[in-house]
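The values are calculated or read from the model by the stated rules, or taken from the named source; none is laboratory data. Quick caveat, the model's predicted, so the values are computed rather than measured. Here the Cβ positions follow ideal geometry from the backbone for every residue, glycine too, while neighbour counts run over all protein chains shown. What goes into the accessible areas is simple: the full protein's heavy atoms, side chains included, and nothing from ligands, DNA or RNA. Shrake-Rupley method; radii C 1.70, N 1.55, O 1.52, S 1.80 Å.
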Amino acid sequence: MPSASTMAVASASLATLAFVSPTVAPHTTAARSASASAVGAASQGQSGYAGKAAMAGALGLVAMASSQRKVKSTRAARVAMNAAKVDSVCILGCSGAVGQEMLKCLEDRDFPTEKVRLFGNRSAGSTVSSKKFGDIVVEKFSLEAVQECDICLMAVSGDFSKEWAPKIAGGPKNTQVIDNSSAWRYDEDKPLVIPEINGEGRVGEPLIANPNCTTAVGAMALWPIHQKYKLKKVLMSTYQAASGAGAEGMAELENGLATWVKDGAVPKPEFFAHQLPFNVIPQIDKFQENGYTKEEMKVTWELQKIFGLDDDVKVACTAVRVPTLRAHSESITVETEEPISPDDVRELLKSAPGVKVVDEPGSLKYPMPLNATGNYDVEVGRIRQSIVFGEKGIEFFVSGDQLLRGAALNAVIIAENAVKAHA
């Protein structure tokens, strides 16, 4: 058992959740705490421990918390659609962490649609209150109902997407599918899109794949560097939040900490392979024959496809789960074909879309998941010359909200651009 003084400190820390990144801005801890607790209850409901009311409450609380999040300059930009507008957009898998963020992105960015419909079999019948779209009753999935929508944002499993995404795409309204799962990322015939990087000419495709969250966060900083200096090698280590595993992962982290404060012991993990509180787990997804995990190989495969990298450009990653609630961080070392300097990279990234340079070591300012949470931009800092690769190498650190940049936001920007393209 921990000492009384240790328990007191832990209790205070847990009360403010200072140990973990909040799901909303640091100055709205109370709203974040309510939101995360509701998400945790909802995740249990998805597993059969609670009913539809918990899920509905979670969606409502998270929506309220959204209004208090920090707003960055890129978030303030609204979609300039003029007369371009679609009748209906739907979210398939609305009850999960990514599905909830998709709805908030549609709201916050004033997406040009008359109506939003929500589909989720386990939460069907519950009502979600939207500040822009009013009260929305969650519907049970059917092909006919989804094909009544112009755009379908999918936040579902890969298996579900494999079966249904091709059937949904098309139909009477020529429905476009933007899929967040891994089902179509490596299909040669399906575009894998980060709009700011390779979206031009691809956003009108009937089925578009969203990249893995880890890839998307790192790519925002890597792409401008590749354009100017040409990547030769990329070495990445990731520090991935519990929410990368969904609402269940966040709930297990919070419940483990709460139980430790109360009882002095962390309960046996049910969702992660090992205890996550006070620990890190150097495995995300299944191990492959080459010793890397699938999560690590996703970074390699997806950067190659999105950037159009030559086979001789090598990308390696080590992915680690860490006890933060939200926002992934990555330590990245690159070797380039051309000489590269930290000052030049800072100036380059300052003008890069979706990137915020936070690099003032003297005043202890650098990227952290605590600050990246709830924001659209990926923070980049700790930019320095590589002592391994010399004048053709650079090292830096990034933090980005993987539920936004790595999932929901990316999908919604694709949809925005698709509406513009069809205007």
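Would you mind pulling out the separation of the Cα centroids of the range 299-350 and the range 237-261, in Å?
One Cα centre to the other: 25 Å.
Taking the Cβ of R382 as the center, what net charge do the other residues with Cβ under 13 Å away carry, scoring Lys and Arg +1 and Asp and Glu -1?
Neighbourhood net charge equals -2.
Multiply the residue separation of K228 and E347 by 0.36 nm, subtract the distance between their alpha-carbon atoms, and state the gained length in nm to one decimal.
41.6 nm
Could you tell me what percent of the accessible area of the range 146-283 is made up of carbon and sulfur, with a 1.4 Å probe and every protein chain present?
48
Would you grab the residues whose amide H sits under 5 Å from the one on I136? Only those 5+ places off in sequence or on another chain, please, with H modelled 1.01 Å from N.
Close amide H contacts, sequence-distant or interchain: V128, S129, S130.
If I stretch the segment between Q304 and E188 completely, what's the gain in nm (0.36 nm per residue apart, minus their alpha carbon distance), one decimal?
Length gained between Q304 and E188: 40.5 nm.
Taking amide hydrogens as modeled 1.01 Å from N in the peptide plane, which residues meet the under 5 Å criterion relative to R117, leaving out close sequence neighbours?
V89, C90, I91
Roughly how many whole Å is it from the C-alpha centroid of the range 122-149 to that of the range 359-404?
A separation of 39 Å, based on Cα centres.
Convert each backbone phi in the range 215-226 into a coupling constant with the Karplus relation 6.51 cos²θ - 1.76 cosθ + 1.60 (shift: θ = phi - 60°), then list the ³J(HN,Hα) values in order as whole Hz, x for Gly and Pro.
4, 4, 5, x, 5, 4, 8, 6, 4, x, 5, 5
Where the accessible area of the range 337-423 is counted over protein heavy atoms with a 1.4 Å probe, how much of it, in %, is carbon and sulfur?
Solvent-exposed carbon and sulfur of the range 337-423 make up 53 percent of the total.
Say each of K173 and E148 gets a label point 7 Å from the Cα, pointing the same way as Cα to Cβ; how far apart are those two points in nm?
0.8
With a 1.4 Å probe and all protein chains left in place, how much accessible area per residue does the range 71-201 have, in Å²?
That works out to 42 Å² for each residue.
Subtracting the Cα-Cα distance from 0.36 nm times the residue separation, let me have the gained length for D87 to E360 in nm, one decimal.
93.6 nm
With a 1.4 Å probe and all protein chains left in place, how much accessible area per residue does the range 268-382 have, in Å²?
Using a 1.4 Å probe on heavy atoms only, each residue of the range 268-382 averages 47 Å².
Could you rank the peptides 145-154, 109-118 by their average count of other C-beta atoms within 10 Å per residue, with the highest value first?
Put in order of decreasing packing, that is 145-154, 109-118.
Sort the range 340-423 into rounded, prolate or oblate with this rule: let a ≥ b ≥ c be the square roots of the eigenvalues of the Cα gyration tensor; rounded if a/c is under 1.5, and if a/c is not under 1.5, prolate when a/b is larger than b/c, oblate otherwise.
prolate
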